[in-house]
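A.B. asks: Please find one structure pasted underneath; my questions will follow.
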Amino acid sequence: YRDLAQREALINRISTQIRESLDLRDILQTAVHAIRTQIATDRVLIYQFDEDWQGKVIVEDVSPPWCSTLGAGTDNCFSSGYADYYISGRVRAIDDIYNSGIDECHLRFLEQLQVKANLIVPILLNKRLWGLLIAHECRGPHHWTGTEIELLLSLAGQVGVAIGQADLYRQATENADRAQQEAENLEKTLLELQHTQSQLVQTEKMSSLGQLVAGVAHEINNPVSFIDGNLSHAWDYAQDLLHLIELYQTHYPEPIAAIAREIDKIDLGFLSADFPKLLESMRVGVERIKSIVMSLRTFSRMDEAEIKPVDIHDGLDSTVMILQHRLKANGDRAEIQLQRDYGDLPPVECYAGQLNQVFMNLLSNAIDALEDQLEAGTQRQPPLITIRTRLTKTEDVEIAIADNGPGVPEAVRNRIFEPFFTTKPVGKGTGIGLSISYQIVTEKHNGTLICEADPGQGTTFTITIPQHQGTT
């Protein structure tokens, strides 16, 4: 170690070994093994402090026949403030425990560990004392040279940096796991809500649904806000970690065999590319839940009023406004045009909130169909949704919502109003929207809801309800 260049090369080599892993246990075990091997001492260990400045030995590398100290804590003979000595970054080197002036209690403790000489340097994490890096000589006294002390100090600094990186990785992983768990809990809650909502509509208890939905929407909004906030941090952590991995690969292109095998095992290239996509899909899911909460709140507020005459066009326009963001062009996806062909309608007696929910479901389905067609590259015409209203010959009110999308096969069309029937992928639809819409129109408004949809000819949903509702 006399040559400075050799010492720097040694520090760099050991530092590379230490920092090639993001698992804390692997980092520390690699560190103590590499250090003990290089300085040819009998035992090297790492002692970690807890919040009360107590602690224990968490990793060690020891040569036979010397005993293990793994799990050992502080002895009673140490004063409560012994950690203060190292907080400022000071080093303690004892060449011979019998000629060092230490007290009898401390001497007996070191004898139990078979220690004849020791060197202790602090491990600092963000300028805070995290633990101690300790070298033991058990065969006999040993004079710790300045070079050995500088080497151990440098490596303790590298261990501190590696611990910080591992801690960052752990936090990012925990945040991602927590967000995933919350998302799964929310999905379960939403499914339970949808099932309850369907049952209430079927038994004509829509009057109590508004209060239920408002309460559930409030309960959902709190955890979804937590997830939304954590996802941004998880994204930042992921970017930091991926950047760190890129730096490792740039500066240390030839990892040790164990790391190389692990890289192949986990398919690091795929993981690096897929992890941001995973977080993005979770973000999209959160945005979808937030959109549902907004719709539920709108629904619950509007359902507070009893049946009364309303302008159907106002309800249609407000629903279109809520969905406006989905009509706009998105990346390579073309804008979905919306055409209104409104007739001259009188005020219509209805449950405005319930009808607006029907409009929301039908328009959302039309947008979904067109988006799927556009993504598949099979939409031959500019995507278009048309809303038409008119009075029929029998003075009933007719609202038609049509799209020029792919249409619906007859086998699907025959089941389209069944509860929980859906042809959408998991996570994109529950199959409850059209079922509820059908019941709102037919049972609550004494009307009809029909679907006309030949494959390749687009889909049209037509609502027909009387102008005036009888007493229920």
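A.B. asks: Look through region 421-457, keep the residues that are small (Gly, Ala, Ser) and under 19 Å from Ile385 (Cβ atoms), and return whichever of them is modelled with the highest pLDDT.
C.D. replies: Ser437
A.B. asks: Would you mind telling me which numbered condition in (1) closer than 14 Å to Arg326 by Cα; (2) surrounded by fewer than 16 Cβ atoms within 10 Å (Cβ to Cβ) Ser364 fails?
C.D. replies: Going through the list (1) closer than 14 Å to Arg326 by Cα; (2) surrounded by fewer than 16 Cβ atoms within 10 Å (Cβ to Cβ), Ser364 breaks only (2).
A.B. asks: Scan region 237-264 for residues that are of a type in the set (Asp, Glu) and surrounded by fewer than 13 Cβ atoms within 10 Å (Cβ to Cβ) and jot them down. Write out each step before concluding.
C.D. replies: Looking only at region 237-264, we keep the residues that are of a type in the set (Asp, Glu), and these are 240, 246, 254, 262, 264.
Correct list: Glu246, Glu254, Asp264.
A.B. asks: Would you check which residues across region 109-128 are within 14 Å of Thr74 (Cβ to Cβ) and out of contact with any Lys or Arg (no Cβ under 9 Å at 6 or more places or on another chain) and list them?
C.D. replies: Selection gives Phe109, Gln112.
A.B. asks: Considering only region 15-69, state which residues are out of contact with any Pro (no Cβ under 7 Å at 6 or more places or on another chain), under 18 Å from Val159 (Cα atoms) and assigned to a loop (DSSP other than H, G, I, E, B).
C.D. replies: Within region 15-69, Arg19, Ser21, Leu22, Asp23, Asp50 qualify.
A.B. asks: Give Glu174, Glu187, Glu219 a once-over and let me know the one that is at pLDDT 80 or above and farther than 30 Å from Arg25 by Cα.
C.D. replies: Every option except Glu187 fails the conditions.
A.B. asks: Continuing with the same structure: Of all residues in region 128-161, how many are within 16 Å of Asp61 (Cα to Cα), touching a helix residue (DSSP H, G or I) at 6+ places or on another chain (Cβ under 8 Å) and not small (Gly, Ala, Ser)?
C.D. replies: Counting residues in region 128-161 that are within 16 Å of Asp61 (Cα to Cα), touching a helix residue (DSSP H, G or I) at 6+ places or on another chain (Cβ under 8 Å) and not small (Gly, Ala, Ser) gives 5.
A.B. asks: Select from region 395-418 the residues that are in contact (Cβ under 8 Å) with a residue 40 or more places away in the chain and of a type in the set (Val, Ile, Thr) and write down the one among them that is farthest from Thr462 (Cα to Cα).
C.D. replies: Filtering region 395-418 for residues that are in contact (Cβ under 8 Å) with a residue 40 or more places away in the chain and of a type in the set (Val, Ile, Thr), the one farthest from Thr462 (Cα to Cα) comes out as Val408.
A.B. asks: While we're here: I want to confirm something. Restricting to region 48-81 and keeping residues that are out of contact with any Cys (no Cβ under 9 Å at 6 or more places or on another chain) and at pLDDT below 75, which single residue is surrounded by the most Cβ atoms within 10 Å (Cβ to Cβ)?
C.D. replies: Per the criteria, the residue is Thr74.
A.B. asks: Which residues, taken from region 111-130, are closer than 17 Å to Trp53 by Cα and assigned to a strand (DSSP E or B)?
C.D. replies: Ile120, Val121, Pro122, Ile123, Leu124, Leu125, Arg128, Leu129, Trp130 - these are the residues of region 111-130 that are closer than 17 Å to Trp53 by Cα and assigned to a strand (DSSP E or B).
A.B. asks: Sticking with this one: Condition first: in a helix (DSSP H, G or I) and in contact with a strand residue (DSSP E or B) (Cβ under 9 Å, 6 or more places away or on another chain). Can you find one or more residues in region 131-150 that meet it?
C.D. replies: yes
The values are calculated or read from the model by the stated rules, or taken from the named source; none is laboratory data. Remember, it's a predicted structure, so these values are computed and weren't measured experimentally. FYI the Cβ positions are ideal-geometry reconstructions off the backbone, even for glycines, and counts take in every protein chain you see.
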